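Take a look at the structure below.
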Amino acid sequence: MSRYPLTGGCTCRFVRYEVSEKPLFVHCCHCTWCQRETGSAFVINAMIESDRVKVTGGEVEVVDTPSRSGKGQKISRCPKCHIALWSNYGGGGDAVRFVRVGTLDDANACPPDIHIFTSTKQEWVVLPEGTPAVAEFYDRKAYWSPEALARREALLKTISR
């Protein structure tokens, strides 16, 4: 069991951050958009309320980037080494961060809860047994814990203000 807060940062260590508690959910996304954007076969993002991610050193540079949905995303990067630390997607606005798990000091602390968009995963990627995998996206109620769903409901009330 991981202990919170978790710490993380960029490669050059200019930007440091803390995640104060367990993420709502962790996606391993295999869509072609994420593949192109990261230059990798997939990306692992820990979805968490923005107020639970605190910059503890340095400052991020926010880069507006197109997204597959058409709503865009804001990628927070180190202004020196340009490592992407997290994204805020158009749908959740500034209230939800998708923290790049690979930037955590202990990336093993946040394994994927689900593999998404596996219809476009690289053929050589072998998905682990025991972790849900879906061809595209999923119904939250079928996969999220009751606690995460309750946190999401509370978050939605703040977004709709």
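The values are calculated or read from the model by the stated rules, or taken from the named source; none is laboratory data. All values derive from a computational prediction rather than experimental measurement. We place every Cβ from the backbone using ideal geometry, glycine too, and count neighbours over all the protein chains shown. Note: areas computed on protein heavy atoms with side chains; ligands, DNA, RNA excluded. Shrake-Rupley method; radii C 1.70, N 1.55, O 1.52, S 1.80 Å.
Could you list, in sequence order, the residues of segment 81-139 that are under 24 Å from residue 151 (Cβ atoms), of a type in the set (Lys, Arg) and more than 17 Å from the chain's Cα centre (by Cα)?
none
Give the residues of segment 1-46 that are open to solvent by 30 Å² or more (accessible area, probe 1.4 Å), part of a strand (DSSP E or B) and farther than 25 Å from residue 123 by Cα, sorted by residue number.
If the condition is that a residue be open to solvent by 30 Å² or more (accessible area, probe 1.4 Å), part of a strand (DSSP E or B) and farther than 25 Å from residue 123 by Cα, then 7, 16, 18 are the ones that fit.
Given (1) surrounded by 12 or more Cβ atoms within 10 Å (Cβ to Cβ); (2) at pLDDT below 95, identify the lone condition not met by residue 134.
Of (1) surrounded by 12 or more Cβ atoms within 10 Å (Cβ to Cβ); (2) at pLDDT below 95, only one is false for residue 134: (2).
Give just the number: which of (1) out of contact with any His (no Cβ under 7 Å at 6 or more places or on another chain); (2) modelled with pLDDT of 95 or more does residue 30 not satisfy?
(1)
Scan segment 51-60 and tell me whether some residue there is of a type in the set (A, V, I, L, M, F, W, C) and open to solvent by 60 Å² or more (accessible area, probe 1.4 Å).
no
Right, residue 159: closer than 19 Å to residue 24 by Cβ, of a type in the set (A, V, I, L, M, F, W, C) and either surrounded by fewer than 13 Cβ atoms within 10 Å (Cβ to Cβ) or under 12 Å from the mean Cα position of the chain (by Cα) (or both) or not?
yes
Can you say whether residue 106 is free of Cβ contacts under 8 Å to residues at least 12 places away in the same chain and surrounded by fewer than 21 Cβ atoms within 10 Å (Cβ to Cβ), as far as the supplied structure shows?
Spelling it out, it is not the case that residue 106 is free of Cβ contacts under 8 Å to residues at least 12 places away in the same chain and surrounded by fewer than 21 Cβ atoms within 10 Å (Cβ to Cβ).
Looking at the structure I just gave you, is residue 68 open to solvent by 10 Å² or more (accessible area, probe 1.4 Å), in contact (Cβ under 8 Å) with a residue 12 or more places away in the chain and closer than 12 Å to residue 8 by Cβ?
Taking the combined requirement at face value, the residue does not satisfy it.
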